[in-house]
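Quick notes on the structure that follows.
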Amino acid sequence: NIIMRTPLLLLCFLWCGLAFLVQASENVNGVEIDYLERPGTCDGDDAIKAEKDDKVHVHYTGSLVNGDVFDTSIKRGQPFQFTLGASQVIKGWDIGILGMCVGEKRRLTIPSELGYGKRGAAGGKIPPDATLIFETEMIKIDKHERNMINKNNKNIVADQKKVGEGKTSHPAAAAEERKDTSPNNGSPTMKEYLVLAVVIAVVAYYVRQNRNRIRDYSL
């Protein structure tokens, strides 16, 4: 009956909603990026993200659209290292890895024109015109000196602006204020609000569709 099926229906709706929220995706310059896992350290002004000229250490598993795996760094036990934005890898990687932080996991779906094109690769394991799928995890980021200087300068400018506006009395205090107002300071995040909205919508839908049966059951 409808009463017995309700918990299962609610769980199905919630699972679908959560899957949609957690695995957000976007297309960036031709690369489809699925955000599989994003630690809280990726948010806020002090987050360390991969930028052009940084040396990054990435674990990956590469496969074709049919599921055939052509290469993986995990079996070797050694992350792949390269300089981001220096054309040391296929264009799809330079695009898809940009902005990752340590611990973040992404799935990159790379069209052939941003991969190996008509020539293929890996001794025939990657055929010509193949779309590639990479499961990636950022292990380590060695910041380029220029990027470290730029980040420090941005923080100094932001702190000076707060001092000038009278929001705080000293740059050091401004740095603490910046930490306190990060998305992970204990207040609900946008994702949590969306999850709550999904729960409310499911319950409201059930009540609206079955209010007569619920009334009869309660009587």
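Here, each number is a calculation from the coordinates, and none is a lab measurement. This structure is a prediction, so every number in the text was calculated from the model and none was measured.
Under a 5 Å amide H cut-off, with hydrogens placed 1.01 Å from N, Ala121 pairs with Ile126 among residues at least 5 apart or on other chains. Phi-derived couplings, Karplus 6.51 cos²θ - 1.76 cosθ + 1.60 at θ = phi - 60°, listed residue by residue for the stretch 73-83: 8, 5, 5, 6, x, 9, x, 7, 10, 7, 8 Hz, with x used for Gly and Pro. Using a/c under 1.5 as the rounded threshold, could you call the stretch 13-134 rounded, prolate or oblate? The axes a ≥ b ≥ c are square roots of the C-alpha gyration tensor eigenvalues, and prolate needs a/b larger than b/c, oblate otherwise. Note, shape of the stretch 13-134 comes out oblate. Taking amide hydrogens as placed 1.01 Å from N in the peptide plane, the amide H of Asp71 sits under 5 Å from those of Gly62, each at least 5 positions away in sequence or on another chain. Here the 3J(HN,Hα) profile of the stretch 26-35, calculated from phi with Karplus coefficients 6.51, -1.76 and 1.60 at θ = phi - 60°, is 7, 9, 10, 6, x, 9, 7, 10, 9, 8 Hz, Gly and Pro shown as x.
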